[in-house]
Amino acid sequence: MLKRIMPGLLMLLLLVACGQNGPTPAPSTEPIPLEATLTLEASPLPPTETATPTIEPTATEALIPTNTPLPVVYGPADFPAGVNPLTGLLVADPDLLDRRPIAVKINIVPRYLYRPPFGLSLADIVINYYHNAGYSRFFALFYGNDAELAGPIRSGRLLDHELVQMYQSLFAYGSADAIINERFFNASYSDRLILEGTRTDCPPTSTAPLCRYDPSGGDILLGGTSEMSAYAVSHGVVNTQQNLDGMTFDSIMPAGGTPVSQVFVHFSSDDYSRWEYDPSSGRYLRFQDDVLATSVQAEEYVPLVDRLNDQQVATDNVVVLVARHEFYQQPPNEIIEIYLSGSGTAYAYRDGQMYTVNWNRPTTNSVIFLTNPDGSPFPYHPGTTWYQVVGESTLASQPDPDIWRFDFRIP
């Protein structure tokens, strides 16, 4: 793949260091349970170009051998050596866990220029949240895997300040508003920020881990996660394993869920997505907006594909986090403050089921984790997780009993 990279100009990477989610029943119109702040409304059935297949269990599948060992439950602490605390999976290379996670700010707008993206399918955790002007971006965390290239890399926002502290990560981003950079540069993690200086062409190296690629006149910024990690070490950053305890993993599906096959998240008429549960793989497939749609009926979706491997982006867990959003600065120079501290309502989707739970972040350096209403840990399915962050005024609806839709609102 790297042979396709086009040459660009030379650049010098600067590592910034400063002091400083019988009959078919009718769609529900009942309020969302557990004192959620969202409003549940009936809405039209969103268009979908493919039906989700249903797999009926066979007699053979129903037979469980008596000697089948019970699956191991990992977390929320005391993860065994070689088990990734962000996925609950044994990693192929345990040495990868002896470092900090690498966070990369990834953008897929505009479509013609920044799609397909690079490396999203290899991230352990992706946080998809609203930025400004109707658009969202991805904060992608790489820990158990490295991405040969990750991007396109674009600018940071205020929530990244919280996320870097949560996961104690390195952070590669493409500049930011002066107000936001001031918060970054004066933080305790300022030596872990990775920014571009003079341009260099791809592939990335340990001395220049960010590079430029010009596939169609866009001159996009990319980076290699292994090279970012090595570069940080060479510049004196403490890049040892951090305490990332908090999440709990269990391959056995919890009781109490309700079947859900699709989850729609609508940020704006030009930024909307669909997660579709695939029973054959047990994962959720990502479909992304393909046109500017002024109505639900006009929405068009296509698979979001990772350019590194030409595979559709998929995940094992989709979690919608409901959090307070406020204008730090009003439009047209819009800056949003998102509060992911303490706890709040969340909707967890795993194994084709939906659970109403709580998200938690009790301290600055706590990773996000989920609990049941009684306070007990809610288990993620072992594997990757995508968090969809929405505001407290977001409208939730069920166009069909097994479909949920979230229409983003501020605050």
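Of all residue pairs spaced 6 or more apart or on separate chains, those with beta-carbon atoms under 7 Å, a first member in the stretch 105-116 that is more than 11 Å from Leu304 (Cβ to Cβ) and a second member that is part of a helix (DSSP H, G or I) and of a type in the set (Asp, Glu) are Lys105/Asp160.
For the stretch 342-377, the set of residues classified as in contact with a helix residue (DSSP H, G or I) (Cβ under 9 Å, 6 or more places away or on another chain) and crowded, with 16+ Cβ neighbours inside 10 Å consists of Arg361, Ser366, Val367, Ile368, listed by residue number. Given the structure, is Gly223 of a type in the set (Gly, Ala, Ser) and modelled with pLDDT of 95 or more? When the stated conditions are applied, Gly223 passes them. Of the residues making up the stretch 166-199, those that are in contact with a Ser or Thr (Cβ under 9 Å, 6 or more places away or on another chain) and not charged (D, E, K, R) are Met166, Leu170, Ala172, Tyr173, Gly174, Ser175, Ala176, Ile180, Asn181, Phe184, Tyr189, Leu195.
Screening His266, His235 for residues that are of a type outside the set (Asp, Glu) and over 18 Å from Tyr347 (Cα atoms) leaves exactly one candidate, His235. Listed by first and then second residue, the pairs with beta-carbon distance under 8 Å, at least 6 apart or on different chains, first residue in the stretch 286-314 and of a type in the set (Ser, Thr, Tyr), second at pLDDT below 95, are Tyr301/Pro47; Tyr301/Thr48; Tyr301/Glu49. Counting only strands (runs of 3 or more DSSP E) that sit wholly inside the stretch 333-373, those with at least 2 residues that are closer than 22 Å to Gly88 by Cα are 342-350, 353-361, 369-371. Hey, does the stretch 191-206 have a residue that's touching a Phe, Trp or Tyr at 6+ places or on another chain (Cβ under 7 Å) and basic (Lys, Arg)? There is at least one residue in the stretch 191-206 that is touching a Phe, Trp or Tyr at 6+ places or on another chain (Cβ under 7 Å) and basic (Lys, Arg). Tallying residues that are touching a Cys at 6+ places or on another chain (Cβ under 7 Å) and at pLDDT below 95 within the stretch 170-200 yields 1.
Restricting attention to the stretch 275-290, does a residue exist that is touching a Ser or Thr at 6+ places or on another chain (Cβ under 6 Å), crowded, with 18+ Cβ neighbours inside 10 Å and outside any strand (DSSP E or B)? Among the residues of the stretch 275-290, not one is touching a Ser or Thr at 6+ places or on another chain (Cβ under 6 Å), crowded, with 18+ Cβ neighbours inside 10 Å and outside any strand (DSSP E or B), which makes the answer no. Taking the stretch 127-149 as the search range and keeping residues that are in a loop (DSSP other than H, G, I, E, B) and closer than 20 Å to Ser366 by Cα, which one is nearest to the chain's Cα centre (by Cα)? Filtering the stretch 127-149 for residues that are in a loop (DSSP other than H, G, I, E, B) and closer than 20 Å to Ser366 by Cα, the one nearest to the chain's Cα centre (by Cα) comes out as Tyr143. Residues in the stretch 150-195 that are buried (at least 24 other Cβ atoms within 10 Å of the Cβ), over 16 Å from the mean Cα position of the chain (by Cα) and farther than 20 Å from Asn239 by Cα: there are none.
Scanning the stretch 189-211 for residues being assigned to a helix (DSSP H, G or I) and under 18 Å from Glu148 (Cβ atoms) gives a total of 0.
Every condition in (1) touching a strand residue (DSSP E or B) at 6+ places or on another chain (Cβ under 9 Å); (2) not in a loop (DSSP other than H, G, I, E, B) holds for Gln165 except the one numbered (1). Of note, Tyr380 satisfies the criterion of being surrounded by 19 or more Cβ atoms within 10 Å (Cβ to Cβ) and aromatic (Phe, Trp, Tyr). Looking at Asn107, Asn128, just one residue is over 24 Å from Gly197 (Cα atoms), at pLDDT 95 or above and outside the structural domain of Phe287 (by TED's automatic domain parsing), and that residue is Asn128. Residues that are buried (at least 19 other Cβ atoms within 10 Å of the Cβ), over 23 Å from the mean Cα position of the chain (by Cα), in a helix (DSSP H, G or I) and not small (Gly, Ala, Ser) within the stretch 212-246 comprise just one, Tyr231.
Beta carbons closer than 6 Å, at least 6 apart along the sequence or on distinct chains, pair a first residue in the stretch 250-261 that is farther than 17 Å from Pro279 by Cα with a second that is buried (at least 16 other Cβ atoms within 10 Å of the Cβ) for Asp250/Pro379.
The values are calculated or read from the model by the stated rules, or taken from the named source; none is laboratory data. Every value quoted in this text rests on a predicted model; they were computed, and no experiment measured them. Note: ideal-geometry Cβ built from the backbone for every residue, glycine included; neighbour counts use all protein chains shown.
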